[in-house]
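The values are calculated or read from the model by the stated rules, or taken from the named source; none is laboratory data. Quick caveat, the model's predicted, so the values are computed rather than measured. No Cβ is skipped: glycine too gets one built from the backbone with ideal geometry, and neighbour counts run over all protein chains shown.
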Amino acid sequence: MNCHEFHQNTESWLRGETPDHHWKHHMEQCQSCAQMYNEIMYSMEPTHPQDEMLTRKILAATSRKPCESIELKDDALLTPFEKKLQDYHLFTCANCRNLMAVSDQLKQDLPLLAEHRVPESLTNKLLAIYKINRYSLAHIWRSLWMRPRFSLEFSYVLALVFWIGISLTPDHIFTAPPILKNGRSTLQNIKEITKNQWNGTLNSVKHTWDKQVQQAKTLSQKAVAKSEAMRRNSSQFTARLKKSSKNQTPDRTDQSSQKTKQPKETSNGSKH
Amino acid sequence: MTSDEALIQKCKRGDHTAWEELVRMYQGRVFAMALQYLHNPDDASEITQDVFLKVYQQLKSFNGEYFTAWILFITRNKAIDRLRWRKQRSETQPISNEEPEFIDSRPDPAQEWETREKQGLLYRALKKMAPAKRDLLMLKEIQGLKFKEIAAMLGLPLGTVKSRSNQARLELARAVIEINPDYAQTKVVGK
């Protein structure tokens, strides 16, 4: 083997297609070829730092979906390295180039959607807000009711208050007299009960008073009758005395004095 | 003090003219945002009224710097509440399929017609998107809020908002390309 053959077939030897002993024999005899071989072997070890951009370029060029290997970004968000990578990709990919163009155009066009033409009636309503009562209950209620949680919580509180109200109601209202069973309201029933009780009290007082008056009348009538009887008795007694004194004898006077000593029963049964 | 802050200070003092100016300045944006959530002009009108009533009631206690973000935050919350209420009642509100009439101050009828076409196309593409991504697009790209404001509003980290906003715009771009592949070629003279 000469030096020309050695240089031309180095690659096939490195791929393992040519046997080793020819090469080794020539390198032992030729110093220049041995030096070239050593230089090749040393260059397989990395002596310079790896170029990331170069790596990415190679990957982007050789991968099946280059658009997915790179994330298109705004210029302001890119580092210088990413900017170069993106520019390289956009140079090679028409789809991404179109996409970036549309994206850049959107930056100018989207602000056109910022404002909408408002009907004059709405403007008048908005201006009238200055004049309306800021604490309008109807409006506050409406805006609160629109909040989903508020309507649920309000319904819950209402149910709770109703339940507590029923639980605390006194029993006598539900075991009330038949007057309540007619379906009238509790307040009306209470008013009627109170009225009836008052009338009942008045009636009983009146009855008591009448009774006492009647009793007093009866007693006074009795007293009058009694006094009348006493007066009659005394007049009869006086009349007898007068009569007896006119027809008076000594015997008769003793008899009359005995008679006067004995108690006489009057017509009403009382003894003097 | 910015013009918005001066206007708000006047409103706090009870200046009716300032309130009118404030209403006319923001009613379009509030109505547009409510409509983009609810797709029903009647509901959007009610939400707009509720938003301005709440703003009027709480204006005296407002001492922040970001009035636009605040009013849009209220709009968003009220619209979402209405959507939940609707869903809870299982009401099928008549969703308007008509494309809304956006404000356009261009005098040229041809340009106005082109703009309306484009706005209609964007509106249809937005309807196809997922609610979370549409939300982000509405706040960032349409209403022009800052990332910081959006992050505070949605309760998300700043980095997440930035990356999701970008993804949302790309998704919208795909939806637009589906409807009209030549979208990027047609241009509208911007505001």
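Only residues that are more than 16 Å from residue B:142 (Cα to Cα) and either within 45 Å of the chain's Cα centre (by Cα) or more than 7 Å from chain B (Cβ to nearest Cβ) (or both): list them for the range A:101-125, please.
Hits for the range A:101-125 are A:118, A:119, A:120, A:121, A:122, A:123, A:124, A:125.
Yes or no, residue by residue, for (1) modelled with pLDDT of 85 or more; (2) surrounded by fewer than 12 Cβ atoms within 10 Å (Cβ to Cβ):
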{"residue": "A:93", "(1), (2)": "no, no"}
{"residue": "A:104", "(1), (2)": "yes, no"}
{"residue": "A:109", "(1), (2)": "yes, no"}
{"residue": "A:126", "(1), (2)": "yes, no"}
{"residue": "A:131", "(1), (2)": "no, yes"}
{"residue": "A:155", "(1), (2)": "yes, yes"}
{"residue": "A:166", "(1), (2)": "no, yes"}
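Taking the condition out of contact with any Asp or Glu (no Cβ under 8 Å at 6 or more places or on another chain), surrounded by 17 or more Cβ atoms within 10 Å (Cβ to Cβ) and polar (S, T, N, Q), does residue B:61 pass?
It is false that residue B:61 is out of contact with any Asp or Glu (no Cβ under 8 Å at 6 or more places or on another chain), surrounded by 17 or more Cβ atoms within 10 Å (Cβ to Cβ) and polar (S, T, N, Q).
Does residue B:159 qualify as being in contact (Cβ under 8 Å) with a residue 12 or more places away in the chain and within 11 Å of chain A (Cβ to nearest Cβ)?
no
Name, by its number, the condition in (1) under 18 Å from residue A:104 (Cα atoms); (2) more than 10 Å from chain A (Cβ to nearest Cβ) that does not hold for residue B:143.
Answer for residue B:143: the failing condition is (2).
Select the helices (runs of 4 or more DSSP H) contained entirely in the range B:1-63, then report the ones holding at least 1 residues which are under 22 Å from the mean Cα position of the chain (by Cα), at the interface with another protein chain (Cβ under 8 Å from one of its Cβ atoms) and without any contact (Cβ under 8 Å) to a residue 24 or more places away in the chain.
So the answer is B:16-38, B:41-58.
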